[in-house]
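Notes follow once the structure below has been shown.
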Amino acid sequence: MDGAEHEEPPEAARPGGWLKLALPLVAILVIVGGVTLSLSGGSSKPALPGNVQTLTSATQTATAASFEGQSLTPIQPAPAITTLRNYNGESFSLTADRGKAVFVTFLYTHCPDVCPLIASNLHNAYAKMSPAQRAKVDIVAVSVDPRGDTAGTVAAFMAAHQLAGEGKYLIGAARQLASVWKSWNVGSERDVSRPELVSHSALVYGISASGHLYTIYAANFAPGQIVHDVTPLLAN
């Protein structure tokens, strides 16, 4: 990656101000020393791409009720991902996944808590799907650690959590990743006292076959939620 894994995230990508505004609005699960932030669902209002908001119980619609993940409004296209590569060197474009249900999350390989939880739950969800469902599903992780997430560390992480062959893990230069974080409204900030750790927002995003952002899932989602939502995501 031309040394990109050693770049620090640009100042503009550091979400200090975003965190100050978001924290009063969000239910946060802190696991192991408060390093990784998991934005939970329910009545929380996590920062989301564009002007998307979570639906409250008072505004649930028949369409929203068909999902087990938390439904979003207004329905709008998922932000583009075109500048990153899978850890195995393959190019990636989110638009190429039209016709599939896509689950996007943001992880880093040295994460001690929430990232392994998300990865394991995504594997468990994939394992519960029928072969027909798997053929219509793509699991995509985006790095929040351009310095630590190299092709080698990602390959080891994917193997350890049984996602190799089941999902993609996108890496790139700091400036490339920062652009994606900004468009998805994802925070990523290195811990000054423990630079091997990264504070980041941790959600899973459900994207429909038409390429629209429909649902979000907290880091501690149940695999069955993802399995259930494949069908309605393929139908939209």
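Which number in (1) of a type in the set (S, T, N, Q); (2) in contact (Cβ under 8 Å) with a residue 24 or more places away in the chain; (3) farther than 24 Å from P49 by Cα marks the one condition that N86 misses?
The failed condition is (3).
Among the listed residues T95, T54, T82, identify the single one that is modelled with pLDDT of 95 or more, of a type in the set (S, T, N, Q) and in contact with a Gly (Cβ under 9 Å, 6 or more places away or on another chain).
Numbers: T54 fails: modelled with pLDDT of 95 or more; T82 fails: in contact with a Gly (Cβ under 9 Å, 6 or more places away or on another chain).
That would be T95, the only listed residue that is modelled with pLDDT of 95 or more, of a type in the set (S, T, N, Q) and in contact with a Gly (Cβ under 9 Å, 6 or more places away or on another chain).
Limited to the range 177-236, what total is found for residues that are over 19 Å from F106 (Cα atoms), of a type outside the set (D, E) and at pLDDT 95 or above? Write out each step before concluding.
Let us first name the residues in the range 177-236 that are over 19 Å from F106 (Cα atoms), namely 192-194, 209-210, 224, 227-236.
Those still in the list that are of a type outside the set (D, E) too: 192-194, 209-210, 224, 227-228, 230-236.
If we keep only those that are at pLDDT 95 or above too, we end up with 209-210, 224, 227-228, 230-235.
Residues that pass the stated criteria total 11.
How many residues, within the range 131-148, are at pLDDT 95 or above and charged (D, E, K, R)?
Adding up the residues that qualify gives 3.
Could you check the range 88-105 and list, in sequence order, the residues that are hydrophobic (A, V, I, L, M, F, W, C) and either surrounded by fewer than 15 Cβ atoms within 10 Å (Cβ to Cβ) or more than 18 Å from G211 (Cα to Cα) (or both)?
Within the range 88-105, the subset hydrophobic (A, V, I, L, M, F, W, C) is 92, 94, 96, 101-104.
A96 - this is the single residue of the range 88-105 that is hydrophobic (A, V, I, L, M, F, W, C) and either surrounded by fewer than 15 Cβ atoms within 10 Å (Cβ to Cβ) or more than 18 Å from G211 (Cα to Cα) (or both).
Residues that are surrounded by 16 or more Cβ atoms within 10 Å (Cβ to Cβ): list the helices (runs of 4 or more DSSP H) wholly contained in the range 116-189 that include at least 2 such residues.
151-160, 174-184
Can you tell me which residues in the range 203-234 are within 15 Å of A135 (Cα to Cα), among the hydrophobic types (A, V, I, L, M, F, W, C) and surrounded by fewer than 21 Cβ atoms within 10 Å (Cβ to Cβ)?
Hits for the range 203-234 are A209, V227, L234.
The values are calculated or read from the model by the stated rules, or taken from the named source; none is laboratory data. Bear in mind the structure is a predicted one, so any value in this text is a computation, not a measurement. No Cβ is skipped: glycine too gets one built from the backbone with ideal geometry, and neighbour counts run over all protein chains shown.
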